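The structure under discussion appears below in the form of structure tokens.
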Amino acid sequence: MRIGELARLTGVSTRLLRYYEEQGLLRPARSTGGYREYGEGDTVRVRQIRSLLAAGLPTRVIAGILPCASGPVPALESCPDLLATLRGELAELDSRIGELTRSRNALAGYLDTAGPADPPSAAPAAPAAPLPVAA
């Protein structure tokens, strides 16, 4: 099948399919005319890629995980370095969640201390001292 048919079957744009190819995630055959030709297994492969992307994995990591994947969900079989890779990605996500939580708490603190907005007829208040920033 050609790229348009794969896009239709998977709901993924042709632009993304070409990007997946650039990233080494898809390897279509080429016709004598240079057209990309995909097999039935490529529909499963695209679903695997989409599922792994939805889990927050970058394409560079997905490229290493795809050989361990089977089925459209996908199920991951034990491959060398798979667990270490997934644990590393999970630790990175946990770190980013921690950073976002700290930022959210700091912003919520600013809102708590800001108080209600001044009515338009009130005289402007003196500038407040800067608030401490949470570490």
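The values are calculated or read from the model by the stated rules, or taken from the named source; none is laboratory data. In this text the structure is predicted, and so the values were computed from the model without any measurement. Quick reminder, even Gly has a Cβ in these numbers, built from the backbone with ideal geometry, and neighbours come from all protein chains shown.
Structure notes:
- Sole residue being at pLDDT below 60 and surrounded by 10 or more Cβ atoms within 10 Å (Cβ to Cβ), chosen from ALA106, ALA134: ALA134
- Residue within the range 59-78 that is of a type in the set (S, T, N, Q) and loosely packed, with under 11 Cβ neighbours inside 10 Å present: yes
- The set of residues in the range 2-37 being on the phi > 0 side of the Ramachandran plot and touching a Lys or Arg at 6+ places or on another chain (Cβ under 9 Å) consists of GLY11 alone.
- Checked against the criterion of being among the charged types (D, E, K, R) and part of a loop (DSSP other than H, G, I, E, B), the candidates ARG27, ARG15, ARG50 yield just one match: ARG27.
- Candidate set from the range 39-50 (those that are of a type outside the set (Lys, Arg) and within 16 Å of GLN23 (Cα to Cα)); member that is farthest from the chain's Cα centre (by Cα): ASP42
- Of all the numbered requirements in (1) in contact with a strand residue (DSSP E or B) (Cβ under 7 Å, 6 or more places away or on another chain); (2) acidic (Asp, Glu); (3) at pLDDT below 95, ASP81 misses one, and that requirement is (1).
- In the range 56-71, the residues that are in contact with a Leu (Cβ under 8 Å, 6 or more places away or on another chain) and assigned to a loop (DSSP other than H, G, I, E, B): GLY56
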